[in-house]
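The values are calculated or read from the model by the stated rules, or taken from the named source; none is laboratory data. On a predicted model such as this, the values are computed, not experimentally measured, just so you know. Note: ideal-geometry Cβ built from the backbone for every residue, glycine included; neighbour counts use all protein chains shown. Just the protein is used for accessible areas: all its heavy atoms, side chains included, with ligands, DNA and RNA removed. Shrake-Rupley method; radii C 1.70, N 1.55, O 1.52, S 1.80 Å.
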Amino acid sequence: MPPATKQPPGQTVKPATGLVRRARRMIRALSEAFPDARAELDFTNPLELIVAVVLSAQTTDVRVNLTTPALFAKYKTAEDYAGADRTELEELIRPTGFYRNKAAALIGLGAALVERYNGEVPGTMEELVTLPGVGRKTANVVLGNAFGVPGLTVDTHFGRLVRRWEWTAEEDPVKVEYAVGALLPPKDWTMASHWIIFHGRRVCHAKKPACGACLLAKDCPSYGTGPTEFEVAAKLVKGVEAEHLIALAEKAGKPKRKAVG
């Protein structure tokens, strides 16, 4: 299938060759670091995934995964969401926060799917973004993980890291999506999103990144934002992969000078 992320009409400026090479080198390293990376929301079909992504706004994937089993057991089809009792639905999703707005979005989503797509989640960007509560980020998650259509998911972690790595200076998520899409081959877009998000959650933290225990240190122009002492930085690495990540960082070594693009 064609990728979801396309360069906008008229955009012909190509990124510098050095930046492309550095970005792809970093992605290869991340693929080794996170071979089991995936969407961290639990789902079994496109409807469950799109509902989980809507619920994930302003909360954690862990919280959503604790909430969705009961939700998915009760609401199995778009028709179920369209005809849901608002009070009952709100109570089920209350732990995810902003539950009134999210309940309204899910009811509207269900109704739109029934009215426009015979109750099925559509498989194109153009159709998905017309649905209530669905923007490009949500659409790319659904396309990449439920339909196998390559796309870049620009969430908070993704945007923060690619700016920190100086892949782009853009702040607007759509512009970030296009800029990063120009650096990486389409076949890598969906997994690159997972790898980058995993790295942001486990190593490259917003306030105190584990610079001294990061396998990307030699290619990162922001090396030194966090502690560079290996023992100190290693304590900041999170997740079940921590031991693996620290070993890779130790093997990669530290930069002899500040990395440049």
Can you compute the modelled spin-label distance between residue 247 and residue 155, with each label point 7 Å from Cα toward Cβ, in nm? 2.7 nm
Can you list the DSSP H helices in the chain whose Cα atoms extend at least 18 Å along the helix axis and whose mean Kyte-Doolittle hydropathy is -0.5 or higher? 17-33, 61-74, 99-117, 189-202
If the cut-off is 12 Å between C-alpha atoms, which aspartates and glutamates fall inside it for residue 102, apart from same-chain ones fewer than 8 positions away? 90, 91
With every atom except the alpha carbons ignored, what do you get for Rg and Dmax of the range 1-151, in angstroms? 17.6, 56
Choose one answer from 37, 73, 179: the residue with the largest mean-square fluctuation in a GNM of the chain with alpha-carbon springs under 10 Å. 73
Cα to Cα, under 21 Å, and not fewer than 8 places away if on the same chain: which lysines meet these conditions relative to residue 254? 207, 208, 218, 235, 238
What residue among 42, 172, 188 has the largest mean-square fluctuation in a Gaussian network model of the chain, using Cα springs under 10 Å? 172
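Compute the Cα gyration tensor for the range 194-242, then decide on rounded, prolate or oblate, letting a ≥ b ≥ c be the square roots of its eigenvalues: rounded whenever a/c is under 1.5, prolate when a/b is larger than b/c in the other cases, and oblate in all that remain. Please report the intermediate quantities before stating the final value.
Working: a/c = 1.64, a/b = 1.18, b/c = 1.39.
Oblate shape, in that a/c is at least 1.5 and b/c is the bigger or equal ratio.
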The chain accessible area per residue, 1.4 Å probe, protein heavy atoms, integer Å², reads 49 Å²
Using the Kirkwood radius built from alpha carbon pairs, what does the Stokes-Einstein equation give as D for the range 170-261 at 4 °C and 1.567 mPa s, in µm² per second? 93 µm²/s
Using a simple spin-label model with points 7 Å from Cα along the Cα→Cβ vector, what separation in nm is obtained for residue 163 and residue 206? 1.1 nm
Test of understanding: what is the full-extension gain from residue 100 to residue 62, defined as 0.36 nm times their sequence separation minus their Cα-Cα distance? 11.7 nm
Enumerate the residues in the range 164-192 having an amide nitrogen under 17 Å from the point lying 7 Å beyond the Cα of residue 21 toward its Cβ. 167, 183-185
So the pair-distance distribution of the chain, from every Cα-Cα distance in 10 Å bins, comes to percents of 7, 29, 31, 22, 10, 2, 0
Could you tell me the accessible area of residue 100 in Å² (1.4 Å probe, neighbours in place), rounded to the nearest ten? 140 Å²
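At 0.36 nm per residue, and after removing the present C-alpha to C-alpha distance, how many nm does the segment from residue 73 to residue 238 gain when stretched out fully? Write down the numbers at each step before the final one.
Values: separation 165, 0.36 × 165 = 59.40 nm, distance 3.20 nm.
Value of the extension gain: 56.2 nm.
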